[in-house]
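Participant: Just passing along the structure, written as structure tokens.
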Amino acid sequence: MLTQIKFGTSGWRAVMAEEFTFANVERAVGGIARYVASQKRKGARVIVGRDPRFLGETFCSLAADVLAAQGITPLVVADPAPTPALAYAVITNQADGVINFTASHNPPEYNGIKFSTPDGCPALPEVTKKIESQIAAGDTSATSDMVIPLPVEKNSLDPKSAYLKRLAEIIDLNAIKKSGIKIAFDPMWGAARGYSDEMLRSAGIPVATVHDYRDVLFGGHAPEPDDHLLEDLRKKMRETGAHIGIATDGDADRFGIVDSDGTFLQPNYVIALLFDYLVQSRGWKNGVAKSVATTNMINALAEHYGVELHETPVGFKYIGELIMQDKIAIGGEESAGLSIRHHVPEKDGLLVGLLCCEAVACRGKSLGEQLKAISNQVGSFFPQRENFRLTPEVKTKFTEKLKSDPRDFCGHAVSKVVRTDGLKLLFDDGSWVCYRLSGTEPVVRVYSEARSEKGLEKLSIAARSWIFD
């Protein structure tokens, strides 16, 4: 029986040698090829890139063969490349899409395929549904029934120099250099190796690196720039006296930021910090976007600055659409995805790290000090995310419960019910909780936020209780 290939919020991901096999990759790429051909009958070109995962080069070669056989010119990127660099490349080269072999921050046994459209955006659901239909059509059609176009030649593409040039246009490298700050960088063995560090060094800015070599096992854990996986970065910061530590995940679309004292800044706060910084440094007030699961500190800042707020479903593609329409100056998700106006409509972890460096350099204050100043302006916010595994019985019961519009939540009066994505309950004291069921595993993700640490502790207990009671 053939594996059903489903594209989620960030493409199709699976464990290698289980579902992510050469045969299934060929099916998936074939479906993408037929979709692209349906949009452009002649002269289509598709970029093929990857992160540093095991067999990435081989998968790229296979994809190039499939595309070429379908009459689509593959533009193959030889070296691992950050997802945002590929997004920038599809726009500047006016290509017809990107096939990116990456499982992002997933553990090393995973690989995946992410398809981006010609605008640089992650493919929207209406596109991925068509691709899935094309995969299914390929499974059921006999080769003799299919019209096979004349094969085309394969070409190569190097997105690095153009992408770094664009970053240099956005980031005030001179200000960072003049400030004299030192930077530590952790690409986590991923696709950002030789990008942020090379750019900073070429501008005369001191930067030290860790995990700056290929390791397809990513040190034996997921290449996720989260607090508990950044100890080596902290150690390098202490050794070099760095003022800031910046990190990226496996394909460099997500970020991790460590302050001068070793404190990890959760992505919610980084988004708020950069929103505040861009308003003050660039004067951008055209709008701000956040996912429904992201901190309301963004809401408070938007009100403070008189900026229109857009709250989107989870999935950066929705924020990317707003960036393309120039409706927002910045958009971000609590899962460490962020981009800004006049840039790619895709998450960019390198951009975030460099902007944080610029903010420290230009303001002359640590990120923690800047966050404290923001809290003094708009108040304190304490967000968190928790995952709970559900038994089949509990999942069935809870799924039904999510369809209700509760007026009372464990003793809290519900002031508003939001169904942008999942179920979000707002309370009069400014706290809230949001439930989202995973589409791939028996897990419910619970996002909650209160205005005090004690309030968050109580809300977290209530949020868990509401699931299992």
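The values are calculated or read from the model by the stated rules, or taken from the named source; none is laboratory data. Treat the numbers as computed from the prediction; the structure is a model and nothing was measured. Positions of Cβ are generated from backbone atoms using ideal geometry, with glycine treated the same way; all protein chains shown enter the neighbour counts. SASA here: full protein model, heavy atoms, side chains in, ligands and nucleic acids out. Shrake-Rupley method; radii C 1.70, N 1.55, O 1.52, S 1.80 Å.
Participant: Could you tell me which numbered condition GLU231 fails, if it satisfies all but one of (1) acidic (Asp, Glu); (2) in contact (Cβ under 8 Å) with a residue 24 or more places away in the chain; (3) open to solvent by 50 Å² or more (accessible area, probe 1.4 Å)?
Facilitator: Condition not satisfied by GLU231: (2).
Participant: When LYS395 is evaluated against the numbered criteria (1) over 30 Å from the mean Cα position of the chain (by Cα); (2) closer than 30 Å to ALA14 by Cα, which criterion, by number, is the only one it fails?
Facilitator: With respect to (1) over 30 Å from the mean Cα position of the chain (by Cα); (2) closer than 30 Å to ALA14 by Cα, LYS395 is out only on (1).
Participant: So which residues in segment 1-51 are on the phi > 0 side of the Ramachandran plot and open to solvent by less than 30 Å² (accessible area, probe 1.4 Å)?
Facilitator: Answer for segment 1-51, where residues must be on the phi > 0 side of the Ramachandran plot and open to solvent by less than 30 Å² (accessible area, probe 1.4 Å): just GLY11.
Participant: Looking at segment 253-289 only, could you name the residues that are out of contact with any Pro (no Cβ under 9 Å at 6 or more places or on another chain) and acidic (Asp, Glu)?
Facilitator: Hits for segment 253-289 are ASP259, ASP261, ASP276.
Participant: Hey, any hits in segment 191-210 for a residue that's over 17 Å from ALA85 (Cβ atoms), open to solvent by 20 Å² or more (accessible area, probe 1.4 Å) and in contact (Cβ under 8 Å) with a residue 60 or more places away in the chain?
Facilitator: No, every residue in segment 191-210 fails to be over 17 Å from ALA85 (Cβ atoms), open to solvent by 20 Å² or more (accessible area, probe 1.4 Å) and in contact (Cβ under 8 Å) with a residue 60 or more places away in the chain.
Participant: VAL127: among the hydrophobic types (A, V, I, L, M, F, W, C) and surrounded by fewer than 21 Cβ atoms within 10 Å (Cβ to Cβ), yes or no? Give the steps one after another, and end with the answer.
Facilitator: On the way: among the hydrophobic types (A, V, I, L, M, F, W, C): yes; surrounded by fewer than 21 Cβ atoms within 10 Å (Cβ to Cβ): yes.
When the stated conditions are applied, VAL127 passes them.
Participant: Can you tell me how many residues in segment 29-70 are among the hydroxyl-bearing types (Ser, Thr, Tyr) and either over 27 Å from the mean Cα position of the chain (by Cα) or within 17 Å of ILE135 (Cβ to Cβ) (or both)?
Facilitator: Result for segment 29-70: 2.
Participant: For segment 146-160, check the following and say yes or no: at least one residue is closer than 30 Å to THR240 by Cα and modelled with pLDDT of 95 or more.
Facilitator: Quick first cut of segment 146-160, residues closer than 30 Å to THR240 by Cα only: 160.
Applying the additional criterion that residues be modelled with pLDDT of 95 or more yields 160.
Looking through segment 146-160, at least one residue is closer than 30 Å to THR240 by Cα and modelled with pLDDT of 95 or more.
Participant: Is it true that SER404 is hydroxyl-bearing (Ser, Thr, Tyr), within 22 Å of the chain's Cα centre (by Cα) and either open to solvent by 20 Å² or more (accessible area, probe 1.4 Å) or at pLDDT below 95 (or both)?
Facilitator: Numbers: hydroxyl-bearing (Ser, Thr, Tyr): yes; within 22 Å of the chain's Cα centre (by Cα): no; either open to solvent by 20 Å² or more (accessible area, probe 1.4 Å) or at pLDDT below 95 (or both): yes.
The answer is no for SER404.
Participant: Within the bounds of segment 75-91, is there any residue that is at pLDDT 95 or above, open to solvent by less than 40 Å² (accessible area, probe 1.4 Å), in contact with a Gly (Cβ under 7 Å, 6 or more places away or on another chain) and within 15 Å of ALA33 (Cβ to Cβ)?
Facilitator: no
Participant: Only one of ASP429, ASP405 is acidic (Asp, Glu), under 23 Å from LEU456 (Cβ atoms) and outside any strand (DSSP E or B); which? Step through it out loud before you land on a result.
Facilitator: Numbers: ASP405 fails: under 23 Å from LEU456 (Cβ atoms).
Only one candidate passes the filter, namely ASP429.
Participant: Another question, then. Please name all residue pairs, on different chains or six or more residues apart, with Cβ atoms under 8 Å, provided the first residue is in segment 1-24 and is among the basic types (Lys, Arg) and the second residue is open to solvent by 40 Å² or more (accessible area, probe 1.4 Å) and outside any loop (DSSP other than H, G, I, E, B).
Facilitator: ARG13/TYR110
Participant: Condition first: open to solvent by less than 70 Å² (accessible area, probe 1.4 Å), of a type in the set (Val, Ile, Thr) and touching a residue at least 24 places away in the same chain (Cβ under 8 Å). Can you find one or more residues in segment 136-151 that meet it? Steps first, answer last, please.
Facilitator: The initial filter retains those residues of segment 136-151 that are open to solvent by less than 70 Å² (accessible area, probe 1.4 Å), namely 136-139, 141-142, 146, 149.
Of the ones still in play, those that are also of a type in the set (Val, Ile, Thr) are none.
No, there is no match, as no residue in segment 136-151 is open to solvent by less than 70 Å² (accessible area, probe 1.4 Å), of a type in the set (Val, Ile, Thr) and touching a residue at least 24 places away in the same chain (Cβ under 8 Å).
Participant: So, in segment 432-469, how many residues would count as being part of a loop (DSSP other than H, G, I, E, B), of a type in the set (Asp, Glu) and either at pLDDT 95 or above or within 25 Å of the chain's Cα centre (by Cα) (or both)? If you could, list the steps in order and put the result at the bottom.
Facilitator: First pass over segment 432-469, keeping only residues part of a loop (DSSP other than H, G, I, E, B): 438-442, 451-452, 469.
Still in the list and also of a type in the set (Asp, Glu): 441, 469.
Next cut, either at pLDDT 95 or above or within 25 Å of the chain's Cα centre (by Cα) (or both) only: 441.
Selection size over segment 432-469: 1.
Participant: Considering only residues of segment 198-252 that are part of a strand (DSSP E or B) and of a type in the set (Val, Ile, Thr), which is farthest from the chain's Cα centre (by Cα)? So that I can check it myself, show each step before the final result.
Facilitator: Taking segment 198-252 as the starting set, the residues that turn out to be part of a strand (DSSP E or B) are 207-209, 244-248.
Narrowing the set further to residues that are of a type in the set (Val, Ile, Thr) leaves 207, 209, 244, 246, 248.
Working: VAL207: 24, THR209: 22, ILE244: 21, ILE246: 16, THR248: 10 Å.
So, considering only residues that are part of a strand (DSSP E or B) and of a type in the set (Val, Ile, Thr), the one farthest from the chain's Cα centre (by Cα) is VAL207.
Participant: In this structure, does GLU132 turn out to be part of a helix (DSSP H, G or I) and at pLDDT below 95?
Facilitator: Numbers: part of a helix (DSSP H, G or I): yes; at pLDDT below 95: no.
Judged against the criteria, GLU132 is not a match.
Participant: Can you tell me which residue is surrounded by the most Cβ atoms within 10 Å (Cβ to Cβ) among those in segment 339-385 that are in a strand (DSSP E or B) and in contact with a helix residue (DSSP H, G or I) (Cβ under 7 Å, 6 or more places away or on another chain)?
Facilitator: Narrowing segment 339-385 to residues in a strand (DSSP E or B): 339-340, 382-385.
From what's left, in contact with a helix residue (DSSP H, G or I) (Cβ under 7 Å, 6 or more places away or on another chain): 339-340, 382-384.
Working: SER339: 27, ILE340: 22, PHE382: 20, PRO383: 20, GLN384: 18.
Here the residue is SER339.
Participant: Go through segment 260-297 and count every residue that is open to solvent by 10 Å² or more (accessible area, probe 1.4 Å) and assigned to a loop (DSSP other than H, G, I, E, B).
Facilitator: Residues in segment 260-297 being open to solvent by 10 Å² or more (accessible area, probe 1.4 Å) and assigned to a loop (DSSP other than H, G, I, E, B): 10 in total.
Participant: Another question, if that's okay. So, in segment 437-462, how many residues would count as being open to solvent by less than 40 Å² (accessible area, probe 1.4 Å) and under 22 Å from THR312 (Cα atoms)? Please lay out each step first, then the result.
Facilitator: Residues of segment 437-462 open to solvent by less than 40 Å² (accessible area, probe 1.4 Å): 438, 443-444, 446-450, 455-456, 459-460, 462.
Filter again for under 22 Å from THR312 (Cα atoms), leaving 438, 443-444, 446-450.
Total meeting the criteria: 8.
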